[in-house]
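The values are calculated or read from the model by the stated rules, or taken from the named source; none is laboratory data. Quick caveat: nothing in here was measured; it's all calculated off a predicted structure. Every residue, glycine as well, gets a Cβ built from its backbone with ideal geometry; the counts of neighbours run over all protein chains shown.
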Amino acid sequence: MAGLKTIGLYKIFYQRGGGVIEVLRNINLEISEGEFVSLVGPSGCGKTTFLRILHGLIKPSLGRILLGEKEVTCPGAERGFVFQDDNLFPWRNVLDNVAFGLQVQGASKRERYARSQKFINLVGLKGFERHFPHELSGGMRQRVNLARALVLNPEMLLMDEPFASLDAQTREIMQGELLKIWQRQHKTVLFVTHQIDEAVYLADRVLVFGARPGSLKASLDIDIERPRPLEIKRTPRFIAYVDAVWKLIEEEVRESMLLLSGGRQEDFTEEWEASNGDQGGDRAHREGASSHRS
């Protein structure tokens, strides 16, 4: 395994007509080998673009990316990408979906099935090998998505809001399952989410991006012992971390929404009041936390 380092990373997109959009500005960060890091920030701040650059799907406009001693210039098997949508092949069953990457790499049928079975078992889907995607729940499909990434034995996992489409109960269960898997594998993980309590619960450290152009505003260590049962989310210590991250991000969210509304204060105010829930329910979580403390 290896840690990740970015040096002076910028990304600019050029528009038709000569306009430019600066999406990322001077990102300098380090993620240690085996560390689980969450990344939060307002909508449109470049989180997904940043992940895609780290994977090699998009080239940076300026700067360098190092995974261990190796410079990242294109996609590679040492970086697994878990997308928000599972993107499973509907005509392939669970076993063949998980084995797809190994098949592309030229592994024999016997080898790819043996390795795939190991990770199907790891994500808790033993017995579902012959099921097709339409026969699975949303949480089960995301488990297949995760197994498909892990079977290639990447040094690092890049996860782009993989639980965003799940209902609240399934999402919490999947958070706990992900930590169990990570504790067995100890991959280096960068996990993007809009839900602040999810970021705190999963991570050793939470990174906060500012409004576009995205830049690293803060890095907060989460000093909560592992393993972490879901019940820890109701403790004052956990709630204090959620509040601390929210304070770092709140002004950035307001600024981002003002930009998205075209700078009209009345539109911004309506959007802000209506969509605080866009942060994954964190406002309600904080209000509940306040009543809990009182």
Task: Matching entry among Ile58, Ile65, Ile21 (being in contact with a Leu (Cβ under 8 Å, 6 or more places away or on another chain), of a type in the set (Val, Ile, Thr) and not in a helix (DSSP H, G or I)) - done: Ile65
Open item on the list: If Lys180 satisfies all but one of (1) touching a Gly at 6+ places or on another chain (Cβ under 6 Å); (2) farther than 14 Å from Lys233 by Cβ, what's the number of the condition it fails?
Closed with: (1)
Task: Positions within region 94-119 being assigned to a loop (DSSP other than H, G, I, E, B), surrounded by fewer than 19 Cβ atoms within 10 Å (Cβ to Cβ) and touching a residue at least 12 places away in the same chain (Cβ under 8 Å), in sequence order - done: Gln105
Open item on the list: Exactly one condition in (1) modelled with pLDDT under 95; (2) of a type in the set (Val, Ile, Thr); (3) within 22 Å of Asp167 (Cα to Cα) is false for Thr269; which is it?
Closed with: (3)
Open item on the list: Out of the residues in region 187-231 meeting the condition of being in contact with a Cys (Cβ under 6 Å, 6 or more places away or on another chain) and not charged (D, E, K, R), tell me which one is nearest to Glu172 (Cα to Cα).
Closed with: Phe209
TODO: May I ask you to verify whether Leu66 is out of contact with any helix residue (DSSP H, G or I) (no Cβ under 8 Å at 6 or more places or on another chain), touching a residue at least 40 places away in the same chain (Cβ under 8 Å) and not small (Gly, Ala, Ser)?
DONE: yes
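Just name the residue that is nearest to Gln175 (Cα to Cα) out of those in region 81-136 that are of a type in the set (Phe, Trp, Tyr) and out of contact with any strand residue (DSSP E or B) (no Cβ under 6 Å at 6 or more places or on another chain).
To start, the set of residues in region 81-136 that are of a type in the set (Phe, Trp, Tyr) comprises 81, 83, 89, 91, 100, 113, 119, 128, 132.
From the residues that got through so far, the ones that are out of contact with any strand residue (DSSP E or B) (no Cβ under 6 Å at 6 or more places or on another chain) too are 89, 91, 100, 113, 119, 128, 132.
Numbers: Phe89: 24, Trp91: 28, Phe100: 25, Tyr113: 27, Phe119: 17, Phe128: 21, Phe132: 24 Å.
Only one residue tops the list, namely Phe119.
Scan the helices (runs of 4 or more DSSP H) fully inside region 127-221 and keep the ones with 2 or more residues being surrounded by 16 or more Cβ atoms within 10 Å (Cβ to Cβ) and in contact with a Pro (Cβ under 9 Å, 6 or more places away or on another chain).
Numbers: elements: 138-150, 168-185, 196-202.
In region 127-221, 138-150, 168-185 are the helices (runs of 4 or more DSSP H) which contain 2 or more residues that are surrounded by 16 or more Cβ atoms within 10 Å (Cβ to Cβ) and in contact with a Pro (Cβ under 9 Å, 6 or more places away or on another chain).
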- [ ] Being surrounded by 21 or more Cβ atoms within 10 Å (Cβ to Cβ), of a type in the set (A, V, I, L, M) and assigned to a strand (DSSP E or B) is the filter here, so list the residues in region 24-55 that pass it.
- [x] Leu24, Ile27, Ile31, Val37, Leu39, Val40
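Which of the residues that make up region 70-90 are without any contact (Cβ under 8 Å) to a residue 40 or more places away in the chain, exposed (fewer than 12 other Cβ atoms within 10 Å of the Cβ) and in contact with a Phe, Trp or Tyr (Cβ under 9 Å, 6 or more places away or on another chain)? If you could, list the steps in order and put the result at the bottom.
In the first step, residues of region 70-90 are kept if they are without any contact (Cβ under 8 Å) to a residue 40 or more places away in the chain; the result is 71-76.
With the extra rule that they be exposed (fewer than 12 other Cβ atoms within 10 Å of the Cβ), the set shrinks to 71, 73-74.
Listed by number, the list is empty, since nothing qualifies.
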